[in-house]
Amino acid sequence: MYGVAPTMEVYMETLVISGIVLYVFYVYIKADKLLDHKMRKIKGDSGENIVNIELSKLGEEYKTIYDVKIGIYQIDHIVIHDNSKTIFVIETKRWNGKIRGRKADNKWEQVLGGNSYWMNNPILQNEKHIKALNESNKYLGYKFVNVVVFVRSESIPKLKNVVIDENLYKLITEY
């Protein structure tokens, strides 16, 4: 006995159930991506807040500006020292684990839990910020210093002006 062939209703039920399963999976994936984006934003904001605390230790001769928008760019921090005509343009990164990269590399590696993740080079990112500031002609005669601050990273590249948050104050005041 071969059995009874499925009816059109059975095919339709199977199709509807499959559609519902696919839709639930799609919603799950979208929600997961949204949550991941929100968590990165919260993590980034907390890193910037830690840097804000470090910058608040600077004396009155330093003017600090937070979250600056220049054209399409968002700059985490700018510290202006009029006495020396120096502007520190600070890019903050809260990347956990070990960070590897060289000044000219397009991508830097983050090693976390045995996995590698590739991120845009923050030095090159900050160079675009400096170029935009320079082109604004607002700070003619000032020297721009590209600074990258890693918050709570295990290890970072040993490059000029790439520091962990605890060393930011020293870098600025001893420049």
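Some points to look at:
- Based on C-alpha pairs under 8 angstrom that are at least 6 apart in sequence, region 33-173 has a relative contact order of 24 percent.
- With kT/(6 pi eta Rh) evaluated at 10 °C and eta = 1.306 mPa s, and Rh the Kirkwood radius from Cα pairs, region 33-173 diffuses with a coefficient of 101 µm²/s according to Stokes-Einstein.
- Potential extension, residue 158-residue 61 segment - 0.36 nm per residue separation minus Cα distance: 32.1 nm
- As a rough guide to protection, the peptides 162-173, 135-146 ranked by mean Cβ packing within 10 Å, highest first, stand as 162-173, 135-146.
- Exposure proxy shown here: for 79, 21, 149, the number of other Cβ atoms within 10 Å sets the order, fewest to most, as 21, 79, 149.
Bear in mind these aren't lab numbers, they're just calculated from the coordinates by the rules spelled out. These figures come from a predicted structure and were not determined experimentally. Note that each Cβ is placed from the backbone with ideal geometry, even for glycine, and that neighbours are counted across all protein chains shown.
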